[in-house]
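The values are calculated or read from the model by the stated rules, or taken from the named source; none is laboratory data. Quantities reported herein were computed from a predicted structural model and do not represent experimental measurements. Cβ atoms come from the backbone with ideal geometry, glycine included; neighbour counts cover every protein chain shown. Accessible surface areas use protein heavy atoms only, side chains included; no ligands, DNA or RNA. Shrake-Rupley method; radii C 1.70, N 1.55, O 1.52, S 1.80 Å.
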Amino acid sequence: MPHLETLLAHAGCEPDPATGAIVAPIHLSTTFEREADGSFPHGYVYSRAENPNRNQLEQTLAALEGGAAGIAFASGMAAATAVFQSLRPGDHLILADDAYYGMRRVLGTLFATWGLSVTAVDLTDMGHLEAAFTATTRLVWAETPSNPLLKITDLAAVAERTHAHGALLAVDNTWATPLLQRPLDLGADIVMHSLTKYLGGHSDVLGGGLVLKDAEGLAETIRTTQKAAGAVLDPFSAWLALRGMRSLAARLRIQCDNARRIAVFLGGHPNVARVYFPGLANHPGHTIAQAQMHDFGGMLSMEVQGGAEEAMAVAAQVRVFRRATSLGGTESLIEHRASIEAPPTQTPQALLRVSLGLEHNDDLIADLDQALSVLG
Ligand SMILES: *Cc1c(COP(=O)(O)O)cnc(C)c1O
């Protein structure tokens, strides 16, 4: 098994048998020819069920996470929804209390009518987790580092408790990527990705993926949901996501380095009240992050001195950063998170979330310094 960097550098680059092309062609055909005897010699029938570009992406994702099955969807939320749809009315789910707000939204609306019950729990507190299990708990949904407070969950400990109660552990690994953290190795059963973020990496493709530890059982159920319900990743998006993934290792090194330097700069800035970054020694999850991650990621949050108005004033001044939601692209982004999350958000009003891109860190630091100077 080659290193993940080698696998990534070649993702989607099996020479095409028809032409020798190094980069795979995009197979836009929705349908595939039958032989005279009625068989499908290449294994492809109809593109909702199987598509060569999607299959390539699914196999790459599974290899990166060390799982048995990869299943790709039209977005990260479609991937997560397919996991929730595998549960039955009456089942109980434990959700990290600061999971991506889209999870809270689908579970609070769509799946409330479906009859799933949900308990939101601080997964950094094992006592709270233990108290939340019921006789019908089927799934624990974790996300680490979390969004936007960068809380660190001890995945091995949560997996152990979850399995003791006969439930499965799913981990949203979007922020860490398989290069920084491999949840299946730590005991998780399901890994979810928004390909829209670091894996795609260029803010130009929407996609989602799941990797399951086992190819049977739940993976087959979810594969049926994918093919039958049809929220599939289209061939062009699969091709773009694979194109992005080929440079992931190089991008992430710069992004992690930028985040580390900027966290230290912000930590010493008089107009910054608090920095949330697991790479800082004073972060409550620092030791666990050091043990379960290879690096601390390219995301951080800060609270400026003041409230929503001061945070908006700082964001209004940036010139190198872009004011936008999302993350993981080549361009650095800054966002007032509380105003994009629906109320009742727990996100502090003075918080700005930052996604570091590939710019030179001196330019990023100078930009934040001049923007923070509006606070006097
Ligand atoms: C963006 C994001 C999602 C949702 O993914 P989409 O591709 O936008 O549907 C889920 N989890 C995390 C942590 C994210 O950042």
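Which one is surrounded by the most Cβ atoms within 10 Å (Cβ to Cβ) among residues in region 138-185 that are among the acidic types (Asp, Glu) and in contact with a Phe, Trp or Tyr (Cβ under 7 Å, 6 or more places away or on another chain)?
That would be Asp172.
Taking into account only those residues within region 318-333 that are more than 18 Å from the chain's Cα centre (by Cα) and within 13 Å of Leu352 (Cα to Cα), which is surrounded by the most Cβ atoms within 10 Å (Cβ to Cβ)?
Taking the candidates together, the pick is Phe321.
Provide a single number: the residues in region 77-123 that are small (Gly, Ala, Ser), within 21 Å of Ser301 (Cβ to Cβ) and touching a residue at least 60 places away in the same chain (Cβ under 8 Å).
Just the residues of region 77-123 that are small (Gly, Ala, Ser), to begin with: 78-80, 82, 86, 90, 96, 99, 102, 108, 112, 115, 117, 120.
So of that shortlist, the ones also within 21 Å of Ser301 (Cβ to Cβ) come out as 96, 99, 102, 120.
Restricting the remaining residues to those that are touching a residue at least 60 places away in the same chain (Cβ under 8 Å) gives 99.
Summing the residues that are small (Gly, Ala, Ser), within 21 Å of Ser301 (Cβ to Cβ) and touching a residue at least 60 places away in the same chain (Cβ under 8 Å) in region 77-123 gives 1.
Within region 196-248, can you find the residues that are more than 20 Å from Arg48 (Cβ to Cβ) and of a type in the set (Lys, Arg)?
Lys197, Lys213, Arg243, Arg246
I'd like to check something: does region 289-304 contain any residue that is more than 16 Å from the ligand (Cβ to nearest atom) and either over 25 Å from the mean Cα position of the chain (by Cα) or modelled with pLDDT under 95 (or both)?
So far as region 289-304 goes, yes, one or more of its residues are more than 16 Å from the ligand (Cβ to nearest atom) and either over 25 Å from the mean Cα position of the chain (by Cα) or modelled with pLDDT under 95 (or both).
Does Asp367 fit the bill of being away from the ligand (no atom under 16 Å from the Cβ) and surrounded by fewer than 17 Cβ atoms within 10 Å (Cβ to Cβ)?
no
Only one of Leu110, Leu95, Leu61, Leu28 is within 16 Å of the ligand (Cβ to nearest atom) and exposed (fewer than 14 other Cβ atoms within 10 Å of the Cβ). Can you tell me which? Outline the logic, then answer.
Values: Leu95 fails: exposed (fewer than 14 other Cβ atoms within 10 Å of the Cβ); Leu61 fails: exposed (fewer than 14 other Cβ atoms within 10 Å of the Cβ); Leu28 fails: within 16 Å of the ligand (Cβ to nearest atom).
Going through Leu110, Leu95, Leu61, Leu28 in turn, just one is within 16 Å of the ligand (Cβ to nearest atom) and exposed (fewer than 14 other Cβ atoms within 10 Å of the Cβ): Leu110.
Show me the strands (runs of 3 or more DSSP E) entirely contained within region 149-236 in which 1 or more residues are touching a residue at least 40 places away in the same chain (Cβ under 8 Å), more than 13 Å from the ligand (Cβ to nearest atom) and touching a Gly at 6+ places or on another chain (Cβ under 6 Å).
By residue number, 208-212.
Scan region 337-364 for residues that are in contact with a strand residue (DSSP E or B) (Cβ under 6 Å, 6 or more places away or on another chain) and open to solvent by 20 Å² or more (accessible area, probe 1.4 Å) and jot them down.
Within region 337-364, just Pro348 meets the criteria.
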